[in-house]
Amino acid sequence: MLDREEIMAIFRRTGVLWEGHFVLTSGLHSGRYLQCARVQQFPEENALLCRDLAARFKDQSITAVVGPAIGAIIMSYEMARNLGARALFTERENGVMTLRRSFTLEPGERVLVVEDVITTGGSVREVIKVVKEHGAVPVGVGVLVDRSGGRADIGVPVQSLITFDIETYKPADCPLCRQGLPVVKPGSRQQ
């Protein structure tokens, strides 16, 4: 298992941690942003992280790994490769998370949901809903980074490689906005 310093060294090498004023996918603001897509551009580094995370689920009889597009597509593939499972991803269609591209899940199929970063867990809960709507069983969630400090309520067991407790703010209460710092929206989902 990778320890915190080894994970942080990978994040530093690949430019994952950013400082500034950001709007997160949740709509909250933060002075720090974790751009895990940066690590996914380096197959060897990404493979190390996903291998470590997948090992935590090896005894769960998982047959499919599902993550939300776009941030978890590469991760879904790498996790599935490590678990000997299929890799799928969900997408938004008319604002609703769904399986497209003829992807299917079988009733009773054991599914691992993956995501690169969670803050509130909103996208992961949407993917879990899709999994359940197909009659499959979400056995857990694997995330590279839990930036909620472990407080995100997902409804199924969550394993993260690393947990941060990074302060977030509602836009109306954001001290970075009050300072007049320009805000950046680096995530993939439109508000």
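The values are calculated or read from the model by the stated rules, or taken from the named source; none is laboratory data. Just so it is clear, the structure is predicted and the values come from calculations on it, not from any experiment. FYI the Cβ positions are ideal-geometry reconstructions off the backbone, even for glycines, and counts take in every protein chain you see. The area values use the complete protein model at the heavy-atom level, side chains included, leaving out ligands, DNA and RNA. Shrake-Rupley method; radii C 1.70, N 1.55, O 1.52, S 1.80 Å.
Could you point to the label whose value was computed as percent of Cα pairs over 28 Å apart for the structure here, given [x] 18; [y] 29; [z] 23?
For percent of Cα pairs over 28 Å apart, the calculated option is [z].
Tell me, what ³J(HN,Hα) does each residue in the stretch 50-55 have, in order and in whole Hz, if you take phi through Karplus 6.51 cos²θ - 1.76 cosθ + 1.60 with θ = phi - 60° and put x for Gly and Pro?
Result, ordered by residue: 5, 4, 5, 5, 4, 4 Hz.
Quote the charge dipole size of the chain about the Cα centre in Debye, to the nearest 20; the model charges only the Cβ of Lys and Arg (+1) and of Asp and Glu (-1). Please list the in-between numbers first.
Details: 23 positive and 22 negative charges, 70 e Å.
Rounded to the nearest 20 debye, it is 340 debye.
Roll a 1.4 Å probe over the protein chains and send me the accessible area per residue for the stretch 100-191 in Å².
Numbers: 4750 Å² over 92 residues.
With all protein chains present, the stretch 100-191 gives 52 Å² per residue.
At a Förster radius of 45 Å, what calculated FRET efficiency corresponds to the Cβ-Cβ distance of Arg13 and Arg100, to the nearest 0.05? Don't skip to the answer; put the middle values down first.
Working: r = 34 Å, r/R0 = 0.76.
Computed FRET efficiency for Arg13 and Arg100: 0.85.
Could you work out what % of the accessible surface of the stretch 20-138 is carbon and sulfur, using a 1.4 angstrom probe and leaving DNA, RNA and ligands out of the count?
On the way: 2630 of 5280 Å².
C and S atoms contribute 50 percent here.
Using Cα springs under 10 Å in a Gaussian network model of the chain, which residue among Gly135, Gly150, Gly180 shows the largest mean-square fluctuation?
In this elastic network of the chain, the residue with the biggest mean-square fluctuation among Gly135, Gly150, Gly180 is Gly180.
At 0.36 nm per residue, and after removing the present C-alpha to C-alpha distance, how many nm does the segment from Asp52 to Lys132 gain when stretched out fully?
Working: separation 80, 0.36 × 80 = 28.80 nm, distance 2.64 nm.
26.2 nm is the gain from fully extending Asp52 to Lys132.
Rounded to whole Hz and in sequence order, give me ³J(HN,Hα) for the stretch 129-135 from the Karplus expression 6.51 cos²θ - 1.76 cosθ + 1.60, θ = phi - 60°, writing x for Gly and Pro.
Values per residue, Gly and Pro as x: 4, 4, 4, 5, 4, 8, x Hz.
Springs between alpha-carbon pairs under 10 angstrom, Gaussian network model over the chain: which of Asp59, Asp165, Asp146 fluctuates most?
Its mean-square fluctuation being the largest, the pick is Asp59.
Expressed as a whole number of Å, what is the distance separating the alpha-carbon centroids of the stretch 128-182 and the stretch 26-98?
The stretch 26-98 and the stretch 128-182 have Cα centres spaced 14 Å from each other.
Could you order peptides 91-99, 74-82, 43-51 by the average number of other Cβ atoms within 10 Å of their residues, highest first? The partial results should precede the final answer.
Details: 91-99: 13.0, 74-82: 22.2, 43-51: 17.1.
Those peptides, ordered most packed to least, come out 74-82, 43-51, 91-99.
Per-residue HN-Hα couplings for the stretch 14-24, Karplus 6.51 cos²θ - 1.76 cosθ + 1.60 at θ = phi - 60°, whole Hz, x for Gly and Pro?
For the stretch 14-24, the Karplus curve yields 9, x, 6, 8, 10, 10, x, 9, 10, 9, 7 Hz.
Given the rule -39500 (n - 2.57) for each run of at least 4 DSSP H residues, summed and divided by the residues of the chain, what is its mean residue ellipticity at 222 nm, to the nearest 500 deg cm²/dmol? Mind showing how you got there, number by number?
On the way: 6 runs with 55 residues, N = 191.
Result for the chain, helices only: -8000 deg cm²/dmol.
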